[in-house]
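Every number in this text was worked out from the coordinates using simple rules, so none of it is lab data. The shown structure was predicted, so the numbers you read here are calculated from the model rather than taken from an experiment. Note that we place each Cβ from the backbone using ideal geometry, even for glycine, and neighbour counts take in every protein chain shown.
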Amino acid sequence: MSWQARKWQDDNNRRPYREAESTHHRRPRSLGGDNSERNLIELPRSRHCAWHTLFQNWTPERIADEINNRYLDPDVKFVAVPADMVIELQRMFGQYLPATEHPAKTC
């Protein structure tokens, strides 16, 4: 089947477009990360590319600094907290509401 016929068939079946995925290391190998299942996640290729365009292989602390210095209201701070501290912080400050998923908007 030609690509034109496949596109016509897909359009008529209204199948959602699914972008190719790419493997992302949560902790970059350059910062001591490994190829364990816990450290890998599949992301749409465009999101993976966007992440590395914005943040390269920076540490969470450096990413938080970049977000605070360039993107957020100066009265708000984004922080990187080690996972083992989250439960203690929740005890101190109460439960937080999880962020809601918002559809991506074009700039």
Among 46-55, 30-39, what's the highest-first ranking by average C-beta atoms within 10 angstrom per residue? 46-55, 30-39
Approximate spin-label separation T23-D75, in nm, with each point projected 7 Å along Cα-to-Cβ: 4.6 nm
